1. Looking at the range 46-59, is at least one residue in a strand (DSSP E or B), surrounded by fewer than 16 Cβ atoms within 10 Å (Cβ to Cβ) and of a type in the set (A, V, I, L, M)?
2. Residue by residue through the range 121-135, note down the ones that are surrounded by fewer than 20 Cβ atoms within 10 Å (Cβ to Cβ) and either more than 18 Å from SER153 (Cβ to Cβ) or out of contact with any strand residue (DSSP E or B) (no Cβ under 7 Å at 6 or more places or on another chain) (or both).
3. Here are some conditions: (1) at pLDDT below 95; (2) among the hydrophobic types (A, V, I, L, M, F, W, C); (3) loosely packed, with under 15 Cβ neighbours inside 10 Å. ALA92 meets all but one. Which one does it not meet?
4. Take the conditions surrounded by fewer than 17 Cβ atoms within 10 Å (Cβ to Cβ) and either at pLDDT below 95 or under 15 Å from the mean Cα position of the chain (by Cα) (or both) and apply them to ASP69. Does it pass?
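The values are calculated or read from the model by the stated rules, or taken from the named source; none is laboratory data. Fair warning: this is a prediction, and the values are worked out from it, not measured in the lab. Cβ: placed from backbone, ideal geometry, glycine included. Neighbour counts: every protein chain shown.
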Amino acid sequence: MNIPRFYRAAIAISALFIGLAQSAQADIVTLAGDTTGGPTFDRPLVNFSNYSPNGTGAVYESIAFTVEDEGEYSITMHGLGFDTFLLLYETAFDPVAPLINGVVANDDLVSLRTSGFAADLVAGEQYFVVVTGFSSDQFGAYSLTISGDGVISAVPEPSTWLMLAFGVTAFACAQRRKSGD
């Protein structure tokens, strides 16, 4: 067994994990995604007082993030060919109970395809942006931008961590097999 080779691989994998856990180190974070084929929920009204009759079974994607500095942050989304709807939750987002923890929501900031708002955010608090469409037939590719004075840290989805763990395991197995020859 070639130990130095194994340690080099372990160091490279550790550096990869550390890199993923680091903050974005910028005051503007832009993420792209696609809600097509995603999970569904019954979307609330803009004021979180009740469920929208137009939002039953709306496809959504949730992005968790924190901010390092307290202050006003701008969150905007542009949908590619669909009527967008954007929501912000504090502490937790539960698609089964979307009326709870809602902070602010918006439909049609500039046009049908753009939603957004400004919100005063607290440093270290966990927030969730929920990207969805106005109704169940409104979904697709989108671009989401979060900006403000402090460092913004987007938290990867659990599926991203699972894919990374699978890749690291496959890499370690390949290295072990290679060094065993």
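1. Within the range 46-59, the subset in a strand (DSSP E or B) is 51, 58-59.
Then keep just the ones that are surrounded by fewer than 16 Cβ atoms within 10 Å (Cβ to Cβ); that gives 51.
Cutting the leftovers down to of a type in the set (A, V, I, L, M) gives us none.
No, there is no match, as no residue in the range 46-59 is in a strand (DSSP E or B), surrounded by fewer than 16 Cβ atoms within 10 Å (Cβ to Cβ) and of a type in the set (A, V, I, L, M).
2. Selection gives VAL122, SER135.
3. With (1) at pLDDT below 95; (2) among the hydrophobic types (A, V, I, L, M, F, W, C); (3) loosely packed, with under 15 Cβ neighbours inside 10 Å applied to ALA92, the lone miss is (1).
4. Judged against the criteria, ASP69 is a match.
Every residue, every condition in (1) of a type outside the set (Asp, Glu); (2) assigned by TED's automatic domain parsing to the domain that holds GLY33; (3) under 16 Å from ASP27 (Cα atoms), yes or no:
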{"residue": "PHE65", "(1), (2), (3)": "yes, yes, yes"}
{"residue": "PHE82", "(1), (2), (3)": "yes, yes, no"}
{"residue": "GLU90", "(1), (2), (3)": "no, yes, no"}
{"residue": "PHE93", "(1), (2), (3)": "yes, yes, no"}
{"residue": "ASP107", "(1), (2), (3)": "no, yes, no"}
{"residue": "SER115", "(1), (2), (3)": "yes, yes, no"}
{"residue": "ALA118", "(1), (2), (3)": "yes, yes, yes"}
{"residue": "THR145", "(1), (2), (3)": "yes, yes, yes"}
